[in-house]
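Notes follow the structure.
The values are calculated or read from the model by the stated rules, or taken from the named source; none is laboratory data. Not measured: the values here are computed from a predicted model. When we count neighbours, we look across all protein chains shown, and the Cβ atoms used for this are built from the backbone with ideal geometry, even at glycine. For accessibility, only protein heavy atoms count, side chains too; no ligands or nucleic acids. Shrake-Rupley method; radii C 1.70, N 1.55, O 1.52, S 1.80 Å.
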Amino acid sequence: MDPKETLKAHILKTATLTDKEFDYLFSHFKPRSYKKGQAIISEGDKVEHEYFVISGCLKAFFINDEIKMYILQFAMPTWWTSDYGALYNHTRATISVDCISDAEVLCLSNDDREKVCSEIHQVEHFFRWRTNRGYLASQKRLLSFMNNDTKARYEELFGHVSSIV
């Protein structure tokens, strides 16, 4: 499936858009390709986009002062990622996002998302729904981190991945 159809199928699971409305929304996305190991966001960067994964796998992570990495999220096809704190608050990145494998993504700027949300109610509905789902997923991941060992978290992640593939 091409990127436009992948995004359309993803959004239409939650929102009702006409073809004209979807085409307008899609016109605000920019396709990008990244290689395995390439950084998309590095700590300290200005963050202007969120990323919808078409193919490949990304990881969002934080490295503390002791140089210990904490993975906050894996983003696989049809998942979204960014440093949302930096994106929404117009601050510098505190987390990094890089590619675990070669990846194709669609980038959407914060300004364009806000513009389209203000113009099309169903787009705003989709992004609100997605934000709520992301918050729930973060809570679940935090609880898993507090209650499960590494092996159990790994099995939980790949159990979830196999249920969506």
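Could you grab me the full set of residues in region 27-39 that are loosely packed, with under 15 Cβ neighbours inside 10 Å and of a type outside the set (D, E, K, R)? So that I can check it myself, show each step before the final result.
We begin by selecting, within region 27-39, every residue loosely packed, with under 15 Cβ neighbours inside 10 Å; these are 27, 30-33, 35-39.
Result: Ser27, Pro31, Ser33, Gly37, Gln38, Ala39.
Of all residues in region 54-64, count the ones that are among the β-branched types (Val, Ile, Thr), within 27 Å of Asp111 (Cβ to Cβ) and open to solvent by 60 Å² or more (accessible area, probe 1.4 Å).
At the first step, the residues of region 54-64 found to be among the β-branched types (Val, Ile, Thr) are 54, 63.
After this cut, where a residue has to be within 27 Å of Asp111 (Cβ to Cβ) as well, the list is 54.
Among the residues that remain, those that are also open to solvent by 60 Å² or more (accessible area, probe 1.4 Å) are: none.
Residues flagged as among the β-branched types (Val, Ile, Thr), within 27 Å of Asp111 (Cβ to Cβ) and open to solvent by 60 Å² or more (accessible area, probe 1.4 Å) within region 54-64 amount to 0.
Please enumerate the residues belonging to region 1-20 that are open to solvent by 50 Å² or more (accessible area, probe 1.4 Å) and either hydrophobic (A, V, I, L, M, F, W, C) or on the phi > 0 side of the Ramachandran plot (or both).
Within region 1-20, Met1, Leu12 meet the criteria.
Take the conditions at negative phi, in contact with a strand residue (DSSP E or B) (Cβ under 7 Å, 6 or more places away or on another chain) and open to solvent by 70 Å² or more (accessible area, probe 1.4 Å) and apply them to Tyr24. Does it pass? Walk me through it before giving the result.
Numbers: at negative phi: yes; in contact with a strand residue (DSSP E or B) (Cβ under 7 Å, 6 or more places away or on another chain): no; open to solvent by 70 Å² or more (accessible area, probe 1.4 Å): yes.
For Tyr24, the condition - at negative phi, in contact with a strand residue (DSSP E or B) (Cβ under 7 Å, 6 or more places away or on another chain) and open to solvent by 70 Å² or more (accessible area, probe 1.4 Å) - is not met.
Look at region 10-39 and say how many of its residues are touching a residue at least 60 places away in the same chain (Cβ under 8 Å) and either closer than 21 Å to Trp129 by Cα or assigned to a loop (DSSP other than H, G, I, E, B) (or both).
Total satisfying the criteria: 15.
Among the candidates Ile71, Ile95, Ile100, Ile67, single out the residue that is surrounded by fewer than 17 Cβ atoms within 10 Å (Cβ to Cβ) and touching a Leu at 6+ places or on another chain (Cβ under 7 Å).
Details: Ile71 fails: touching a Leu at 6+ places or on another chain (Cβ under 7 Å); Ile95 fails: surrounded by fewer than 17 Cβ atoms within 10 Å (Cβ to Cβ); Ile67 fails: touching a Leu at 6+ places or on another chain (Cβ under 7 Å).
Residue meeting the stated conditions: Ile100.
Which condition number in (1) open to solvent by 40 Å² or more (accessible area, probe 1.4 Å); (2) farther than 21 Å from Lys30 by Cα; (3) not in a helix (DSSP H, G or I) is the one that Leu136 fails?
Every condition holds for Leu136 apart from (3).
Take region 40-53 and flag every residue that is part of a strand (DSSP E or B) and open to solvent by 30 Å² or more (accessible area, probe 1.4 Å). Give the derivation first.
Our first condition is that a residue be part of a strand (DSSP E or B); within region 40-53, this holds for 40-41, 46, 49-53.
Within region 40-53, Lys46, His49 qualify.
Give all pairs with beta carbons closer than 6 Å in which a residue from region 55-77 that is assigned to a strand (DSSP E or B) meets a residue that is surrounded by fewer than 17 Cβ atoms within 10 Å (Cβ to Cβ) and hydroxyl-bearing (Ser, Thr, Tyr); count only pairs at least 6 apart in sequence or on separate chains.
Hits for this filter: Phe62/Tyr70.
Can you tell me which residue among Ser42, Ser55, Ser82, Ser101 is closer than 25 Å to His10 by Cβ and more than 14 Å from the chain's Cα centre (by Cα)? Talk me through it step by step, then tell me what you get.
Details: Ser42 fails: closer than 25 Å to His10 by Cβ; Ser55 fails: more than 14 Å from the chain's Cα centre (by Cα); Ser82 fails: more than 14 Å from the chain's Cα centre (by Cα).
Exactly one residue qualifies, and that residue is Ser101.
Just the residues that are of a type in the set (Lys, Arg) and under 24 Å from Ser101 (Cα atoms), please, taken from region 1-37. Can you show your working first?
Step one: of region 1-37, the residues of a type in the set (Lys, Arg) are 4, 8, 13, 20, 30, 32, 35-36.
Within region 1-37, Lys4, Lys8, Lys30, Arg32, Lys35, Lys36 qualify.
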